Amino acid sequence: MTRRTVRIAMNGVTGRMGYRQHLVRSILAIREQGGLDLGGGDVLWPEPILVGRREHALRELAQRHGLEEWSTDLDAVLADGRTDVYFDAQVTSARVDALTKAIDAGKHVYTEKPTAADLAGALGLARRAREAGIRHGVVQDKIFLPGLLKLKRLVDGGFFGEILSVRGEFGYWVFEGDWQDAQRPSWNYRAQDGGGIVVDMFPHWEYVLHELFGRVTGVSAHVTTHVPRRWDENGKPYTATADDAAYGIFELEGGAVAQINSSWAVRVHRDELVEFQVDGTHGSAVAGLRECRVQHRSMTPKPVWNPDLPADHSFRDQWQRVPDNAVFDNGFKAQWELFLRHVYLDEPYHWDLLAGARGVQLAELGLRSSAEGRRFEVPELSL
């Protein structure tokens with residue numbers, strides 16, 4: 001067995017997502033399993049270099065996990081010829097500059113989304129990466145969730161017949177930060193810092209819809225800030241300048257329509273924090289993070305509207321659970337492994353910076369739709 005080392009500069013791992021999902025549950029998890037099997041007796045061993053602005057936080061993380069390398073000097077890390085891959089999980093406002101430096105340094109890049117604050121910046125990164133000839137990928141984790149993998153199995157198997165509509169509900173109550181700590185950082189609610197639920201979630205909805213049902217061809221949205229006053233990590237009040245809820249209608253290639261509500265000001269009355277209901281001529285499904293339930297047309301009851309009588313049955317009990325039929329790994333880790341195989345084995349990989357730009361495009365058009373009160377077509381992007 002030959003062990004090959006890949007050195008990955010991981011910028012932003014002191015943040016919640018960068019630490020929990022990318023460092024611990026992806027890169028360190030790959031190390032715990034003995035590395036990534038490339039076949040032919042080769043194993044790829046990821047060696048993370050923790051990068052960030054807070055020296056004490058980086059040192060503490062490195063000590064906690066027995067890691068040797070960390071730095072507050074991104075330029076020096078990128079100038080090091082031993083660094084192979086740059087990963088970015090910073091706040092959105094810092095992403096374009098860092099990714100540009102990494103691309104110009106000849107590093108393969110893998111990044112969280114949105115890839116930029118606007119479409120011009122996102123397309124600029126994609127073009128720069130293509131011209132540099134480096135490998136590049138964008139995190140699109142939700143299509144690797146067990147519930148959505150089961151949903152894709154149904155789509156690929158023709159379960160739905162003609163797909164008519166998709167309805168999505170996402171969100172939960174994020175505390176204001178005064179009498180209970182907020183579950184999300186305060187920059188999420190400041191537009192000047194790249195915050196807002198549209199720029200956060202519409203890129204997710206773009207790739208979920210694109211991968212499962214077809215390209216988004218049109219969008220209309222209503223965007224608002226339901227909770228205008230919040231308290232930051234130091235207990236200081238501030239005005240929320242970014243949107244915390246968005247109600248979108250997405251027209252899909254092929255004629256289906258998707259409606260997705262996204263909110264950080266909603267209390268959960270559903271089985272999971274995100275759920276998608278798909279209705280087709282032959283059957284329907286409801287998929288969440290892990291579970292997926294179906295109702296085929298041959299098993300569909302015949303409800304009759306009668307508000308004078310109480311329901312004598314549970315509508316939820318009329319659906320069947322889709323079996324796992326597989327072992328589902330952490331979605332972030334699964335995509336990391338695919339990206340690393342793309343880098344080292346040239347295996348196919350289409351979740352690149354152009355795919356990331358489509359998400360930024362949809363967010364940008366969604367915000368314009370709300371501001372101008374009209375529908376926008378979504379042009380197909382190319383380089």
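Any idea what the relative contact order of the chain is, in percent, if you count C-alpha pairs under 8 Å spaced at least 6 apart?
Values: 765 pairs, mean separation 76.9, N = 383.
Here the relative contact order equals 20 percent.
Could you give the size of the charge dipole of the stretch 1-155 about its Cα centre, using +1 on the Cβ of each K and R and -1 on the Cβ of each D and E, expressed in debye and rounded to the nearest 20? Numbers along the way, then the final one.
Values: 24 positive and 19 negative charges, 138 e Å.
Using Cβ point charges on Lys, Arg, Asp and Glu, the stretch 1-155 gives about 660 debye.
Based on the mean of other beta carbon atoms within 10 Å per residue, what is the order of 249-262, 101-114, most packed first?
Numbers: 249-262: 18.1, 101-114: 23.1.
Peptide ranking by packing, descending: 101-114, 249-262.
If you place +1 on the Cβ of every Lys and Arg, -1 on the Cβ of every Asp and Glu, and leave all else neutral, what size is the dipole of the stretch 274-383 about its Cα centre, to the nearest 20 Debye? Walk me through the numbers on the way to the answer.
Working: 12 positive and 16 negative charges, 47 e Å.
Around 220 debye, computed over the stretch 274-383.
Arrange the peptides 296-305, 316-325 so that the one whose residues have, on average, the most other Cβ atoms within 10 Å appears first.
Details: 296-305: 8.9, 316-325: 11.7.
Top to bottom by mean Cβ count within 10 Å: 316-325, 296-305.
Taking P(r) over Cα pairs in 10 Å bins from 0, in percent as the quantity of interest, determine which of (i) 5, 22, 32, 25, 10, 4, 2, 1, 0; (ii) 5, 21, 28, 23, 16, 6, 1, 0; (iii) 5, 21, 30, 26, 13, 3, 1, 0 was computed from the displayed structure.
So the calculated entry is the one marked (iii).
Only Lys, Arg, Asp and Glu count, each charged at its Cβ (+1, +1, -1, -1), so figure out the dipole size of the chain about its Cα centre, rounded to 20 debye. Before the final figure, lay out each step's value.
Numbers: 45 positive and 53 negative charges, 35 e Å.
Roughly 180 debye, rounded to the nearest 20.
Taking Cα centroids, how far is the stretch 78-143 from the stretch 184-199 in Å?
What the calculation gives is 21 Å, centre to centre.
Work out the charge dipole of the stretch 277-383 with +1 on the Cβ of Lys and Arg and -1 on the Cβ of Asp and Glu about the Cα centre, then indicate which of Gln277, Trp319, Gly356 is farthest towards its positive end.
The Cα lying farthest towards the positive end belongs to Trp319.
In the chain, what % of DSSP beta bridges are antiparallel (nearest 5)?
Working: 41 of 71 bridges.
Bridges in the chain that DSSP calls antiparallel: roughly 60 percent.
Give the residue from Leu145, Ile49, Val91 lying farthest towards the positive end of the charge dipole for the stretch 11-164; charges sit on Cβ (+1 for Lys and Arg, -1 for Asp and Glu) and the dipole is referred to the Cα centre.
Leu145
Rank by packing, highest mean first: peptides 345-357, 128-140, with packing defined as the count of other Cβ atoms within 10 Å averaged across residues. If you can, show how the numbers build up before the last one.
On the way: 345-357: 17.9, 128-140: 20.2.
By packing density, highest mean first, the sequence is 128-140, 345-357.
Multiplying the sequence separation of Trp305 and Asp80 by 0.36 nm and subtracting their Cα-Cα distance, what value in nm do you get? Show your work: numbers first, answer last.
Numbers: separation 225, 0.36 × 225 = 81.00 nm, distance 6.90 nm.
Taking 0.36 nm per residue and subtracting the Cα distance, the gain is 74.1 nm.
Once the dipole of the chain is set up with Lys and Arg at +1 and Asp and Glu at -1 on Cβ about the Cα centre, which of Asn234, Ile134, Leu36 lies farthest towards its positive end?
In the chain, that residue is Leu36.
Quick note: the coordinates plus some simple rules give every number you see, no bench work behind them. Just so it is clear, the model here is predicted, and its values are computed rather than measured. As a convention, Cβ positions derive from the backbone with ideal geometry for all residues, glycine included, and neighbour counts pool all protein chains shown.
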